[in-house]
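Read the structure below first, then the notes.
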């Protein structure tokens with residue numbers, strides 16, 4: 001086989017376009033626009049992306065960076081990796097993983113965590129053969145929108161639906177709500193909304209995430225819940241990044257109302273389907289999704305590797 005060239009993407013827009021095309025082809029649920037990828041570099045300057053080139057042909061990709069919802073000094077690096085189908089079983093995936101394992105310690109991380117999908121078992125098997133084990137699993141669902149009519153929005157008295165586009169002055173209240181919601185997520189490790197500025201960079205002021213897609217449940221001038229929507233897969237999909245309600249308001253139908261508003265939002269934008277994921281044990285939200293017509297999609301599986309050597313936390 002000809003020599004494989006690993007090309008650092010950096011901020012080169014042409015290479016970011018190539019990287020985006022590869023992710024859309026190989027793992028569309030994690031694909032991002034060029035503007036999204038540039039925005040991510042502002043939040044995480046340590047993020048590295050590489051395109052694998054074989055005789056001038058892009059054949060794979062890999063990235064290594066911070067897991068945004070974990071503390072900045074957490075030892076785990078988020079790693080996304082893919083190889084085009086016709087180039088698999090030629091050692092390219094192994095070379096890309098080796099690059100990631102060499103790069104993670106340089107940005108202060110001592111282990112890798114990779115996303116996989118239940119309908120792509122070859123990726124899981126590839127990692128299992130290299131001592132990765134399943135760390136977490138989420139139940140994914142989707143709603144095909146062809147023929148769907150937006151459901152009614154039913155809210156308790158005194159609660160209204162708004163957005164950060166309509167009421168930007170509610171940002172601080174929305175952030176306080178996010179802090180509470182993230183603290184209650186049933187993840188294997190505690191996660192966080194981060195600082196106010198981190199939350200804004202990661203969840204609010206983001207490309208492909210218009211502020212009218214940051215839906216709010218509001219009482220008076222207090223945000224009591226939200227549903228964050230973004231355009232994904234180049235507008236074909238609307239993805240829910242998060243839907244959550246403050247503790248004192250749960251169980252009153254507010255999450256379902258936000259979801260109904262989200263469906264209307266996606267229909268207005270001509271999306272073909274909606275997609276979201278839930279913790280396996282989150283039966284309340286899974287029940288809401290089922291009631292609104294969401295159907296099962298392949299599980300989202302996170303695989304975590306063994307500890308690497310040579311990490312330098314001072315570089316984080």
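The values are calculated or read from the model by the stated rules, or taken from the named source; none is laboratory data. What you are looking at is a predicted structure, and each value in this text was computed from that prediction instead of being measured. A quick note on method: Cβ atoms are made from the backbone with ideal geometry, for glycine too, and the neighbour counts reach across all protein chains shown.
So here's what we get for this one:
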item	result
Condition broken by residue 6, with the remaining ones in (1) surrounded by 19 or more Cβ atoms within 10 Å (Cβ to Cβ); (2) in contact with a strand residue (DSSP E or B) (Cβ under 6 Å, 6 or more places away or on another chain); (3) not in a helix (DSSP H, G or I) satisfied	(1)
Condition check for residue 286: modelled with pLDDT under 95, in a helix (DSSP H, G or I) and within 29 Å of residue 19 (Cβ to Cβ)	no
Filter pass, residue 108 being assigned by TED's automatic domain parsing to the domain that holds residue 20, over 14 Å from residue 63 (Cα atoms) and under 23 Å from the mean Cα position of the chain (by Cα)	yes
Test: residue in region 245-265 that is under 13 Å from residue 217 (Cβ atoms), within 19 Å of the chain's Cα centre (by Cα) and not in a strand (DSSP E or B)	yes
Elements of type helices (runs of 4 or more DSSP H) contained in region 110-217, each with 3 or more residues being in contact (Cβ under 8 Å) with a residue 60 or more places away in the chain and farther than 26 Å from residue 284 by Cα	121-128
Filter result for residue 238 (free of Cβ contacts under 8 Å to residues at least 60 places away in the same chain, in contact with a helix residue (DSSP H, G or I) (Cβ under 9 Å, 6 or more places away or on another chain) and farther than 25 Å from residue 148 by Cα)	no
Selection from region 273-296 of residues that are within 20 Å of residue 187 (Cβ to Cβ) and crowded, with 16+ Cβ neighbours inside 10 Å	275, 276, 277, 278, 279, 282, 285, 286, 288, 289
Of the criteria (1) surrounded by 16 or more Cβ atoms within 10 Å (Cβ to Cβ); (2) touching a strand residue (DSSP E or B) at 6+ places or on another chain (Cβ under 9 Å); (3) under 26 Å from residue 201 (Cα atoms), which one residue 69 fails	(2)
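Matching residues to (1) within 18 Å of residue 69 (Cβ to Cβ); (2) outside the structural domain of residue 165 (by TED's automatic domain parsing):
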site	(1), (2)
197	yes, no
210	no, no
214	yes, no
228	yes, no
236	no, no
282	yes, yes
